[in-house]
Amino acid sequence: MNERFVVIGGDAAGLSAASKARRENPDLQIIVLEKGPWVSYAACGLPYYIKGNVSNLEDLVAIPPKKFRQERKIDLRLNHEVTKIEPKNKNLTVKTADKVINLTYDKLLISTGAKALKPRIERIDSPGVFVLRDMDSARKIKEYLENYSPQSASIIGGGYIGMEMAEALSTWEMNIHIIELLPHVLNSFGPEIAEVVENHIKNYTTLHLGKSVRSIQTTDEKKLSVQIGDKKGEDELLTEMVLVAAGIAPEVALAKEAGIQLGQTGAIATDEYGQTNVPGIYAAGDCAEVTHVVTGKPDYIPLALAANRHGRAIGSTIGGKTTSLAWVAGTAVVKVFQLEVATTGIADMEIAREHGFNPIKITIDSHSRAGYYPGSKPIKISLLADRDTKKLLGASMIGEEGVAKRIDIVATALSGKFTVEQLENLDLAYAPPFSPVWDPVLTAAKVLNGKLS
Ligand SMILES: Cc1cc2nc3c(=O)[nH]c(=O)nc-3n(C[C@H](O)[C@H](O)[C@H](O)COP(=O)(O)OP(=O)(O)OC[C@H]3O[C@@H](n4cnc5c(N)ncnc54)[C@H](O)[C@@H]3O)c2cc1C
């Protein structure tokens, strides 16, 4: 009998692993179990489906199931939910629409993703309250918008999904409120960058910063009353839909029950090859920890590239070519109406201190193109370093153009463990339509290096 590799979860991490394992080992028996009806879908595109940039939900499917089955010889089973892992006898209990089956494995990958966090808010499950996590949740939101034409929405949470959804819902011509518990939206990007975002989105939405939602009530007029603040009688928002975008948590219930070790972040702990404390069981993607490039410690950074890349590395190992997992800088970019907002590494002083660094931060204003060149737009960059080692810790940036890819310069420097001086000395491309002669990243490094010395 050929060795059997079973994957739980049929999206970024799971299918990257299955595909790579097949490429490395044509003889492996590969089974992917997905609890839902969708596989290989781009969750990152969901806000743009709701906004209308993407017409059909099906367009977000990167590779159809048929291709996995026919071309990659992967036994892909939809609507198969794993309900139990028994590491002792390498057995899985799997629930389908009409039966419960047992399935054994030789190697197992847990790539169950994450679930949307639902804060403790009274009546959070009322009709008209949504989360955006997967294809079906996106479809429900779009159907509600099409069928009921709500005039107003309240978004609970000012993280990147909250920001993307504010833009998406604004195209439906609604009054939008964003309620954020922390002092700023996109809080981990640092206050200088977050304040620019806030000033910009005030043109399109009403912000309620440093406020929590206590309860959601249904009113006689079929509206939702969102009660903000600790006490009764504080702010009340009358709204017609609520989106809960209050963060996510790793989906680890199966792993926990099977005795698989979780890390301090609450996600599944793995070694450098993605293997858990149970030999032969691996974990990757939004359910697992990664190693942070800056701290060298385990962290929880649920983003798409790491899920794909780590799934691929594990698939390679299981296919016979041992491959370690790349470390992760947490590089992220989000479009917020007209703005590009990006971050990499540690961009917040407090977080840097928590990790034991002695941080220093500068913020500079520059431009996306030479000042005299038509269309040049402002760019603001915050750059952080450690005073003791003079090494870069991270950056965040904001502007109308040229931010999304500039952040990658800093991400690259972080991977190379650059000092600020090494970043300052990079030989970056220059021509007036693309940047000033001192690219904004170089200017930021120059200023920070000046402070350090
Ligand atoms: C709205 C939105 C926007 C995003 N935008 C970005 C972005 O711009 N950039 C970025 O880097 N990242 C973004 N992300 C995050 C990115 O989508 C995730 O990091 C990525 O999808 C993680 O892949 P994964 O395979 O680990 O998990 P998932 O994609 O969540 O897949 C996990 C799969 O496991 C299945 N599953 C769970 N439990 C079981 C079980 N017991 N049995 C069988 N199957 C099971 C689930 O049904 C699911 O299909 C976004 C996410 C969302 C929701």
- Roughly how many Å is it from the Cα centre of segment 302-376 to that of segment 126-148, as a whole number? 30 Å
- May I ask you to compute the full-extension gain from residue 350 to residue 88, defined as 0.36 nm times their residue separation minus their alpha-carbon distance, rounded to one decimal in nm? 90.0 nm
- Note on the structure: Normalised per residue, the volume inside the convex hull of the alpha-carbon atoms of segment 124-237 in Å³ amounts to 108 Å³
- Note on the structure: Taking N as the number of residues in segment 207-337, the ratio of its alpha carbon radius of gyration to 2.2 N^0.38 Å works out to 1.46
- Query: Label points 7 Å out from Cα along the Cβ direction at residue 421 and residue 118: separation in nm?
  - Reply: 5.6 nm
- Using label points projected 7 Å from each Cα along Cα→Cβ, tell me how many nm separate residue 277 and residue 99, to one decimal. 3.6 nm
- Task: Enumerate the amide H contacts of residue 288 below 5 Å, restricted to partners 5 or more residues apart or on another chain; note that Pro and chain-start residues carry no placed amide H.
- Result: 268
- Query: What are the trypsin sites (Lys or Arg not before Pro) within segment 171-222 that DSSP puts in a loop, where the Cβ has at most 13 other Cβ atoms within 10 Å?
  - Reply: 202, 222
- Hey, got a sec? Which GluC sites (Glu not before Pro) in segment 114-185 land in a DSSP loop and have at most 16 other Cβ atoms within 10 Å? 173
- Hey, what's the per residue convex hull volume over the C-alpha atoms of segment 139-184, in cubic angstrom? 69 Å³
- Fully extended, how many nm does the chain gain between residue 257 and residue 305 (0.36 nm per residue separation, minus their Cα-Cα distance)? 14.5 nm
- Item | Within the accessible area of segment 320-453 (1.4 Å probe), percent carbon and sulfur | 53 percent
- Here P(r) for the chain, Cα-Cα distances in 10 Å bins, as whole percents, is 4, 19, 26, 26, 18, 6, 1
- Item | Surface/4 estimate of mean projected area, convex hull on alpha-carbon atoms of segment 210-284, nm² | 8.1 nm²
- Calculate, for residue 29 and residue 59, the FRET efficiency according to 1/(1 + (r/R0)^6) with r their C-beta to C-beta distance and R0 35 Å; round to the nearest 0.05. 0.65
- Averaging sequence separations of C-alpha pairs under 8 Å and six or more residues apart, then dividing by the length of the chain, give the relative contact order as a whole percent. 14 percent
- Pair residue 67, residue 430: separation of 7 Å Cα→Cβ label points (nm): 4.3 nm
- Give the relative contact order (percent, whole number) for segment 264-406; include only Cα pairs under 8 Å separated by 6+ residues. 18 percent
- Determine how large the accessible area of residue 195 is when every protein chain is in place; take a 1.4 Å probe and give Å² rounded to the nearest 10. 90 Å²
- Query: What FRET efficiency would be calculated for the residue pair residue 365, residue 387, taking the C-beta separation as r and a Förster radius of 25 Å, to the nearest 0.05?
  - Reply: 0.60
- Query: For segment 96-247, what % of the accessible area comes from carbon and sulfur atoms, probe 1.4 Å?
  - Reply: 46 percent
- Using a Förster distance of 56 Å, the FRET efficiency for residue 136-residue 358 (Cβ separation, nearest 0.05): 0.75
- Global geometry of segment 1-134, whether rounded, prolate or oblate, following the gyration tensor of its Cα atoms and the 1.5 cut on a/c: oblate
- Message: Classify segment 172-241 from the C-alpha gyration tensor, please: rounded if a/c falls under 1.5, else prolate or oblate depending on whether a/b exceeds b/c.
- Response: oblate
- Query: What list of whole percents do you get for P(r) of segment 361-453, with Cα-Cα distances grouped in 5 Å bins up to the one holding the largest distance?
  - Reply: 3, 16, 28, 26, 16, 8, 3, 1, 0
- Message: Under 8 Å for C-alpha pairs, at least 6 residues apart: give me the relative contact order for segment 197-268, rounded to a whole percent.
- Response: 17 percent
- Message: Over 25 Å between Cα atoms: which of 211/256; 335/377; 377/446; 84/115; 107/417; 67/405 fall into that group?
- Response: 211/256; 107/417; 67/405
- Task: Please work out the average accessible area per residue across the chain, using the 1.4 Å probe convention, and give it in Å².
- Result: 46 Å²
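The values are calculated or read from the model by the stated rules, or taken from the named source; none is laboratory data. Here the structure is a predicted model, which is why all the values come from computation and not from measurement. Using ideal geometry, Cβ is built from the backbone for each residue, glycine included, and neighbour counts are taken over all protein chains shown. Protein only, heavy atoms only, side chains kept; ligands, DNA and RNA dropped before computing areas. Shrake-Rupley method; radii C 1.70, N 1.55, O 1.52, S 1.80 Å.
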